[in-house]
1. Between Arg67 and Glu22, how high is the FRET efficiency from 1/(1 + (r/R0)^6) when r is the Cβ-Cβ distance and R₀ = 30 Å? Nearest 0.05.
2. Can you work out ³J(HN,Hα) from phi for every residue in the stretch 34-39, in order, using Karplus 6.51 cos²θ - 1.76 cosθ + 1.60 and θ = phi - 60°, giving whole Hz and x for Gly and Pro?
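The numbers here are math on the coordinates, done by the rules we state, and not lab data. Quick caveat: nothing in here was measured; it's all calculated off a predicted structure. As a convention, Cβ positions derive from the backbone with ideal geometry for all residues, glycine included, and neighbour counts pool all protein chains shown.
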Amino acid sequence: QVVAPAAAASGAANAAAASAAEVELPFAEYGVAVNSSTSSIELDGLSTAAAKAKVIEWLEAAGLGERRVNYKLRDWLFARQRYWGEPFPLVYPVVDDKGTLGDPV
């Protein structure tokens, strides 16, 4: 099912008048499953958590998967190491002819 945006349905003139404050953001929270059923599993009307649990049970019963928890390190600092190594800044002290330390480079 495709639903036309309200601005497009009411005409191009009204679309230009819509401000950024009036634009509605897409729904990105947990909700209820809609049109999510097949001949082998019924998910319509279930909450997100209940639908996930039912799909996992169905996959285990069908021998297509198993319940597992994956822990992943999602830290950009350590993820960069794969390409550039650990990003520690290197400080080289400047020593003049007399042995006096200057500003680091």
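1. The computed FRET efficiency comes out at 0.10.
2. Working through the residues one at a time gives 10, 6, 10, 10, 10, 5 Hz.
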